[in-house]
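Here is the structure we will look at.
Only the coordinates and a few stated rules stand behind these numbers; no lab work does. Source: prediction; values computed, not measured.
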Amino acid sequence: MLNSDLDRRLEPRIKELYQLHKERSANIDWSYHEFIPWDKAMSFKRVPWEESQVTLPEGVIVAVETALLTEVNLPWYTSHLDYTFKNSMEVINDFVRTWTAEEDQHSNLLETYLLVTRNVNPTRLHELRRRVVENGWFPDFTNPLATMAYTSLQELATLVFYNNVAKIAGPHDKDLSTLLRRLAKDEALHYAFYRDTVKAHLELDPNFIVFFEDVIINFSMPGAVMPDFTERMKTIAINANYGPLQYFDQVLDVVVTYWDIANLQPTTDEAKQSQANILNYHGRLKRIKDRQLQKNKK
Ligand SMILES: [Fe+2]
Ligand SMILES: [Fe+2]
């Protein structure tokens, strides 16, 4: 009987993935201060914030603020990973610390950008930030393999989100799109580590799929706990280039293909059922997407 812990036979492979992560992340520029347009900074005491100072379209602001309010819950993400992998291999705990150090910069950078460019009311933003962290984040899965699949999807979704918003933001503010693309690079490396750890498990034993089914079918972003999340996502889907269509094409479809779910050969009935359920879900979303594209053409 398989259990939901990471498989210790994969320790050498996971160590390799961690090493690769360290090498790649060492090549990314860590000078975050260079991504902030400091020339625009003014004292809030001397020049109080006013609505008229806003320069970006609403969709872009909502996207950046939503990203920020997702990243600020890092203490809770780390506490979830720490709890989940407490008895796991040392290399996973090493990765979680490296990951935390990298993620730790993200909310700072987004918040500083929004404050310096005055695209949000700072008082409102700080109240929201505090409320979000106070609410915390407590997912209903705490097993190591489910967590690996969840974080794969979440990192890829974040990466796609940053790159897609960067495209929309570019014509309004080049600094913002450069900053978002920089964050996306971190997310790409995180995604690669989690994704390949999942892949290694499926290659070792396709029956591990039973632990991935739930999180794939019921995925929602960790930011879903923030105030007005549904409204925010609607605005972002319409105005900032990230919605259900992009989620299917650039996230779900990508991992289902990468993990080669369709061609796995599980041997237990339970695992075969999980495989079928994931493929059905994928097929259903694909049909919805195709119908939507047809409608858009008309
Ligand atoms: Fe991040
Ligand atoms: Fe990340």
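Take the Cα atoms of the chain, build their convex hull, and give its volume per residue in Å³. Working shown, then result.
Details: hull volume 40.1 nm³, N = 298.
Here the figure is 135 Å³ per residue.
Taking a ≥ b ≥ c as the square roots of the eigenvalues of the Cα gyration tensor of segment 42-88, is the shape rounded (a/c under 1.5), prolate (a/b larger than b/c) or oblate?
Oblate, since a/c reaches 1.5 and b/c is not below a/b.
Could you give the distance between the Cα centres of segment 131-163 and segment 178-211, to the whole Å?
That distance is 12 Å.
Could you sort out which of LYS167/LYS199; LYS15/LYS86; LYS22/LYS199; LYS199/LYS272; LYS22/LYS185; LYS15/LYS199 sit more than 21 Å apart by Cα distance in this structure? Spell out each step's value before the answer.
Working: LYS167/LYS199 30 Å; LYS15/LYS86 17 Å; LYS22/LYS199 19 Å; LYS199/LYS272 17 Å; LYS22/LYS185 13 Å; LYS15/LYS199 15 Å.
Violating the 21 Å Cα-Cα cut-off are LYS167/LYS199.
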